[in-house]
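A.B. asks: Below you'll find the structure I mean.
The values are calculated or read from the model by the stated rules, or taken from the named source; none is laboratory data. Please read these numbers as outputs of a predicted model, since none were measured by experiment. Ideal geometry is used to build each Cβ from the backbone, glycine not excepted, and the neighbour counts take in all protein chains shown.
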């Protein structure tokens, strides 16, 4: 029992790193654009399928393939923002953008179904099946590599946001869009690039998800987006540190409950969310919610 | 539709004209109701009546959604919880009590009670937060509900639950469903109309415009929001129960369908958020289109792509909905005609006054508020 619990915690932390990466993209998009990108889940699945195509048809290694899939997903992200989010105006803009993202998700899902069908596929590589004996546990290499990559990416995002000129303009836009515009920041450009970056991380998240989830199909997007939403709300919308902590907390809690009842493990995800919000409506690390709409 | 209730207040056009306009709306609503009543007599093709029943059920659900989300501005993407709860309530009760035939329709009252009962705790939790967080919490409720019915045995797990199949005459099989759905739609619309006219409806819309200011003016926000949420859930639950009996089966991913939420929201947006006729108009256009696409392209994935594209088109091309847009066009047209008529006759000062009156008429319209729209438009970023 004790051993199982240790294993569950290690699994949870390693898996949490991957979810953290996907959630950071989502919360970043929210912070800058005030948009909940509900298509993030299906975009992760799209990233997974891109990795799948590269590895099966072109025999490119999964990690090397990221050099192709990350830029592709970045371009897709910028395109979605430019075509469907930017034109939205008016009082209901926040809701409309959410619905537009929903519609985009539906279209991507339909396309994936048409191209790949409903069958589950898995990503294959030598380091997915082989494992290393570490501190008395057997850990698959993919988890270790993936976790390392996720940590590196989050660190890179942090540097980008806090140590570069672009990052300063992103943070300024997050704080106050009108003021950012007044001091000469091209808010439209920041918004498009942020959306692109937020979506680009789904290429990495998708590859990891495809390699560790034991099979995915176009329907996997719903499960992913619901978890990601729970994570970013729990962490406090727009809080990057919060998203990291919430991702690790949620996946650890899930894998702990999984020991006793796999069926209800997923429910824990949402139950934890509801419980936290009853006590603290702005999430664990969220700022106090803006009072005026 | 139901008399274009969202049409602008009759501008200063003399009492006779105002009377004529006032008579127009109930007359239009009545004519529309008569058309709906005789529809199954005119069209007996089962494919057509099946789509018609579906459309009426969705129209009722869209009106119900609009009572809460349209009036209060709290966008719920979790109403499928109440739809599914209604479906499963009717299913479980009918199985337990061996109800068949018309008796199943009585169970809709139970579905209403269960959905309403469920909405109270959910509302108390979700309505503490606003905007995006509220939307996401309603989505979370949706996933909790779907997972719960998948995991429980009383709901039949992933294989779901079957409805009793009535032994009605195949030729008019859809008619009982049709008229019950129509009754539900009429009830929902009447509720929507009464609420919009009432002090309660005014409080809801005050919350939508600025909750803190409304609270400052003495609106007790939580009870008002919660009441609207419960009313909305009750009607949605009945729609779900009826849908289940009509379809004949409920499985978790269709009774609790994310597409249901999306469809209902898009219907309300298409017709005009917060209007009375808007959601009905939206349902009348979108649900048949959706059904037709599914029938036309039996390969459901293509219909999914087209549906997504249709939704995007509605959102991008008609962001405010048909009815508010049309209402504004009509007002602008009248104002222009009035000022042209004024130019021919009285001196310029009167023209200016008339123009100002026209503008005031536009701004005073309770909904949509063009001044607010413009303000929001300016504030809106990328």
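A.B. asks: Working carefully through the options B:104, B:154, find the one that is in a loop (DSSP other than H, G, I, E, B) and more than 10 Å from chain A (Cβ to nearest Cβ).
C.D. replies: B:154
A.B. asks: In addition: From A:161, A:98, grab the single residue that is under 20 Å from residue A:25 (Cα atoms), at the interface with another protein chain (Cβ under 9 Å from one of its Cβ atoms) and in contact (Cβ under 8 Å) with a residue 12 or more places away in the chain.
C.D. replies: After ruling out the rest, the residue left standing is A:98.
A.B. asks: Would you mind stating whether residue B:67 is surrounded by 22 or more Cβ atoms within 10 Å (Cβ to Cβ), more than 14 Å from chain A (Cβ to nearest Cβ), under 20 Å from the mean Cα position of the chain (by Cα) and farther than 25 Å from residue B:163 by Cβ?
C.D. replies: When the stated conditions are applied, residue B:67 passes them.
A.B. asks: A further question follows. Quick one: which helices (runs of 4 or more DSSP H) lie wholly within the range B:211-323 and hold at least 3 residues that are more than 18 Å from the chain's Cα centre (by Cα)? If you could, list the steps in order and put the result at the bottom.
C.D. replies: Working: elements: B:211-216, B:221-247, B:252-255, B:258-271, B:278-296, B:300-317.
Qualifying helices (runs of 4 or more DSSP H): B:211-216, B:221-247, B:252-255, B:278-296, B:300-317.
A.B. asks: Which one is nearest to the other protein chains (Cβ to nearest Cβ) among residues in the range A:31-56 that are surrounded by fewer than 24 Cβ atoms within 10 Å (Cβ to Cβ) and touching a helix residue (DSSP H, G or I) at 6+ places or on another chain (Cβ under 7 Å)?
C.D. replies: Only one residue fits best here, namely A:34.
A.B. asks: Here's something else I'd like to know. What about residue A:277, is it within 12 Å of chain B (Cβ to nearest Cβ) and part of a loop (DSSP other than H, G, I, E, B)? Please lay out each step first, then the result.
C.D. replies: Values: within 12 Å of chain B (Cβ to nearest Cβ): yes; part of a loop (DSSP other than H, G, I, E, B): no.
Taking the combined requirement at face value, the residue does not satisfy it.
A.B. asks: Shifting gears a bit: Looking at (1) surrounded by fewer than 18 Cβ atoms within 10 Å (Cβ to Cβ); (2) within 29 Å of residue B:187 (Cα to Cα); (3) within 14 Å of another protein chain (Cβ to nearest Cβ), can you tell me which one residue B:286 breaks?
C.D. replies: The single condition residue B:286 does not satisfy is (1).
A.B. asks: Those residues that are at pLDDT 85 or above and more than 13 Å from chain A (Cβ to nearest Cβ), I need them from the range B:247-270; list them, please.
C.D. replies: B:247
A.B. asks: Next up: For residue A:83, indicate whether it is crowded, with 24+ Cβ neighbours inside 10 Å and part of a helix (DSSP H, G or I).
C.D. replies: The answer is no for residue A:83.
A.B. asks: So is residue B:328 away from chain A (no Cβ under 11 Å), in a helix (DSSP H, G or I), modelled with pLDDT of 80 or more and surrounded by fewer than 20 Cβ atoms within 10 Å (Cβ to Cβ) or not?
C.D. replies: yes
A.B. asks: Where residues in the range B:122-135 are modelled with pLDDT under 80 and assigned to a helix (DSSP H, G or I), which of them is nearest to residue B:74 (Cα to Cα)?
C.D. replies: Taking the candidates together, the pick is B:131.
A.B. asks: Take the range A:243-270 and flag every residue that is at the interface with chain B (Cβ under 8 Å from one of its Cβ atoms), crowded, with 17+ Cβ neighbours inside 10 Å and over 16 Å from residue A:11 (Cβ atoms).
C.D. replies: A:267, A:270
A.B. asks: Then there's this: Name the residue, out of A:237, A:193, that is under 17 Å from the mean Cα position of the chain (by Cα), touching a residue at least 60 places away in the same chain (Cβ under 8 Å), within 14 Å of chain B (Cβ to nearest Cβ) and over 16 Å from residue B:140 (Cβ atoms).
C.D. replies: A:193
A.B. asks: Say we look at the range B:175-192 and pick out the residues that are touching a helix residue (DSSP H, G or I) at 6+ places or on another chain (Cβ under 6 Å) and over 15 Å from residue B:112 (Cα atoms); which of these is surrounded by the most Cβ atoms within 10 Å (Cβ to Cβ)?
C.D. replies: B:192
A.B. asks: Which condition does residue A:112 not pass, out of (1) within 10 Å of another protein chain (Cβ to nearest Cβ); (2) crowded, with 20+ Cβ neighbours inside 10 Å; (3) over 30 Å from residue A:11 (Cα atoms); (4) touching a helix residue (DSSP H, G or I) at 6+ places or on another chain (Cβ under 7 Å), if it passes all the others?
C.D. replies: Result: residue A:112 passes all but (3).
A.B. asks: Sticking with this one: Would you check which residues across the range B:216-226 are modelled with pLDDT under 90 and buried (at least 16 other Cβ atoms within 10 Å of the Cβ) and list them?
C.D. replies: B:219, B:221
A.B. asks: Shifting gears a bit: If only one of A:64, A:72, A:24 is assigned to a helix (DSSP H, G or I) and touching a helix residue (DSSP H, G or I) at 6+ places or on another chain (Cβ under 6 Å), which one is it?
C.D. replies: A:24
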